[in-house]
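Some notes on the structure that comes next.
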Amino acid sequence: MENVKTEPEKIAGIDREIADTSKDHIPGWGIDADPENDPTYPMKHRTGADYERLNYEKPPQQPVKIEILHSVERPGITRVFGTSTPPSGVSGMIRRWAYKYSEATTAHWMGLIFADRVNAVEGIVDDFKKGTIPNLFKERGWSAEWKYNRQGFIRSAVTGLLVTTAVIAFCTSKRK
Amino acid sequence: MNYRGPFRIRADRNRPVPQIEHPYDAIVRVTRSLICGSDLHLYHGMVPDTRVGMTFGHEFTGIVEEIGSGVQKLKVGDHVLVPFNIACGTCPFCKQELYGNCHESNPEATAVGGFFGYAHISGGYDGGQAEYVRVPFADVSPTVIPAGLDIEDAVLLTDVVPTGYQAAEMGGIQKGDTVVVFGAGPVGIMAARCAWLFGAGRVIVIDHIDYRLEFVKKYAFCEAYNFREIDDPVLFLKKQTDWLGADVCIDAVGCEAAGSAMQTITGKKMLLQAGTTTALHWAINSVKKGGIVSVVGVYGPPFNLVPMGSIMNKGITLRANQASVKRLLPKLIDHVMAGRLNPKGIISHRIPLEEISEAYHIFSAKRDNCIKPLLIPPRAAMA
């Protein structure tokens with residue numbers, strides 16, 4: 001694959017500038033360094049490429065035709081990305097908010113989980129708007145439950161029915 | 001397939017055919033795909049940024065239908081197995097064979113590389129439980145299926161086999177070691193089988209599903225125990241290992257482990273932590289001092305409760321990563337072709353893609369002795 005250089009030669013260099021400065025003033029610098037002491041082997045074939053930081057040759061950039069949220073822990077989007085389901089609606093607003101926080105924060109992840117739950121409700125509303133009535137029996141694969149665990153299925157259905165009836169009866173009697 | 005929310009999957013015939021979005025893309029017509037145990041975390045709503053309308057699936061084979069202008073190695077008509085990692089091949093991590101940690105395929109998170117069909121925290125790519133898939137960086141990871149390699153073996157080489165193999169590899173298993181694998185799902189089964197390739201002296205699998213324990217005993221030539229019958233698995237394993245602990249423990253379960261009420265309530269019910277860490281707890285506590293714990297079980301962000309004090313005090317080496325499929329493929333294809341591994345032996349169900357809702361339920365609820373369900377798209381079934 002031919003690589004195309006599309007980034008400036010040096011994007012950021014502060015880390016390497018500091019790391020590459022002389023350590024002559026530090027007694028014993030590097031004296032016990034052991035290249036064999038590499039707990040990442042064989043997963044990682046250490047070539048020193050880490051030290052290029054972001055100055056590596058990059059593939060071309062995928063054109064951005066939809067909204068792509070990206071982690072604040074990187075300077076921009078990646079050279080390729082998925083185009084499935086861009087953020088939309090209320091869940092999209094929550095996701096945009098969550099992506100303002102780093103991956104180290106609870107706000108980021110819990111925001112995204114909350115957005116997922118909102119998105120599930122949006123999905124049902126969207127279905128109705130398009131004239132589709134969600135078939136929960138089909139979508140949840142309950143025909144397989146009926147086939148392979150019929151007794152359990154009936155037991156769960158009856159239990160659910162009884163609990164629902166009891167809750168409705170309780171609420172109704174309180175009102176009276 | 002069309003994800004509609006937790007526990008809701010729809011077979012959708014109206015999905016658009018993906019387009020070339022980048023010069024290094026290919027469009028692949030799927031011939032076989034699998035449901036992975038980690039897809040169940042998505043299905044159960046455990047993984048953040050799993051958006052309604054997504055297509056899951058990161059284990060698939062297919063025929064190249066179209067290629068981008070920059071693709072040079074693959075050609076239209078090639079039948080390929082597509083590793084679940086999307087890897088650019090040029091970033092510092094790919095250059096060092098960490099293909100599961102590519103820095104140019106996932107804008108949404110730096111903690112993980114890009115994967116097919118695995119929520120937006122893995123790049124937002126639609127996956128292979130479909131008829132067509134867009135495959136970025138087509139010249140890097142996708143591999144032409146060698147003549148003589150069964151398609152069902154090939155599709156298992158996209159994730160399950162490399163992940164199980166790397167679990168054993170990360171264990172640093174030495175000849176004669178006692179290896180304990182937590183989890184008798186497809187990856188745990190494969191890890192147990194692969195542990196022998198490294199010279200393990202004894203392999204023990206712990207789970208609580210009897211039919212899977214029976215299966216793994218035969219398939220992976222190992223001992224297998226139901227933790228519900230042995231009360232305290234850590235104590236049991238200490239006794240089994242001359243009171244020292246196992247040399248290597250492998251967590252092949254991840255964030256939906258059973259076995260601890262406290263973990264289940266805080267991790268699965270209340271989401272106060274990113275799923276349950278029961279298997280990881282047991283692995284850390286069951287391994288010997290100075291032992292190695294290898295983690296391939298999937299955990300979501302942001303954090304989990306783990307016994308960090310034991311890791312430090314016992315001097316445990318903790319090793320973990322997503323499998324680097326491209327790195328391992330040549331060796332694993334050789335193992336399969338030579339008959340040392342029999343991946344397709346774990347496929348228990350062959351299900352039409354149109355019945356994907358039922359397939360997810362069967363796998364999730366562990367009905368009909370399900371080990372690994374294979375999905376067959378309509379056009380592939382006709383071929």
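Every number in this text was worked out from the coordinates using simple rules, so none of it is lab data. Predicted, not measured: the structure shown is a model, and the values here were computed from it. So basically every Cβ, Gly included, is an ideal-geometry build from the backbone, and we count neighbours across all protein chains shown.
Key figures
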| read-out | value |
| --- | --- |
| Candidates B:Met170, B:Met308, B:Met337, ranked by Gaussian network fluctuation over chain B, Cα under 10 Å, top entry | B:Met308 |
| Alpha-carbon Debye profile of region B:149-193, log10 I(q)/I(0) at 0.14 Å⁻¹ | -0.35 |
| Unit charges on C-beta of K, R, D, E only; dipole of region B:160-320, Debye | 180 debye |
| Cα lying deepest toward the dipole's positive end in region B:103-231, options B:Ile151, B:Ile204, B:Gly123, charges on Cβ | B:Ile204 |
| Diffusion coefficient, µm² s⁻¹, Stokes-Einstein with Kirkwood Rh over alpha-carbon pairs of the protein assembly as shown at 20 °C and 1.002 mPa s | 87 µm²/s |
| Relative exposure of A:Ser71, B:Ser357, judged by other C-beta atoms within 10 Å (fewest first) | A:Ser71, B:Ser357 |
| Stretchable slack from B:Lys331 to B:Leu305, in nm (0.36 nm times residue separation minus alpha-carbon distance) | 5.8 nm |
| Theoretical ellipticity at 222 nm over chain B - DSSP helices of four or more residues, -39500 (n - 2.57) apiece, nearest 500 | -7000 deg cm²/dmol |
| Mean shadow area of chain B, taken as a quarter of the surface of its Cα convex hull (nm²) | 17.5 nm² |
| Net length gained if the chain between A:Lys129 and A:Trp29 were fully extended (0.36 nm per residue, minus Cα distance) | 29.2 nm |
| For chain A, built as a Gaussian network whose Cα springs stay under 10 Å, the top-fluctuating residue of A:Thr165, A:Thr47, A:Thr83 | A:Thr165 |
| Measure of compaction for region A:135-176 (Cα Rg per 2.2 N^0.38 Å) | 1.56 |
| Residue exposure sequence - A:Asp50, A:Asp127 - by fewest surrounding Cβ within 10 Å | A:Asp50, A:Asp127 |
| Radius of gyration and Dmax over the Cα atoms of region B:144-219, both given in Å | 13.1, 39 |
| Selected from B:Thr278, B:Ala261, B:Val296, residue furthest toward positive end of dipole (the protein assembly as shown; charges at beta carbon) | B:Ala261 |
| Beta bridges per DSSP with both ends in chain B, % antiparallel, nearest 5 | 45 percent |
| Residues B:Asn14 and B:Ala261, FRET efficiency given R0 of 41 Å [Cβ-Cβ distance, rounded to 0.05] | 0.40 |
| Ascending count of other beta-carbon atoms within 10 Å, so fewest first, for B:Asp12, B:Asp232 | B:Asp232, B:Asp12 |
| Kirkwood hydrodynamic radius (C-alpha pairs) into Stokes-Einstein, region B:160-320, 10 °C and 1.306 mPa s, D in µm²/s | 105 µm²/s |
| Region A:64-78 versus region B:30-80: alpha-carbon centroid distance in Å | 21 Å |
| Mean separation of Cα contacts under 8 Å (6+ apart) over length of chain B, as relative contact order % | 17 percent |
| For region B:327-365 versus region B:263-306, the gap between their alpha-carbon centres in whole angstrom | 26 Å |
| About the Cα centre, charge dipole magnitude for region B:115-166 (Lys/Arg +1, Asp/Glu -1 at Cβ), debye | 200 debye |
| Computed label-point distance, nm, for sites A:Val167 and B:Asp368 using a 7 Å Cα→Cβ extension | 3.2 nm |
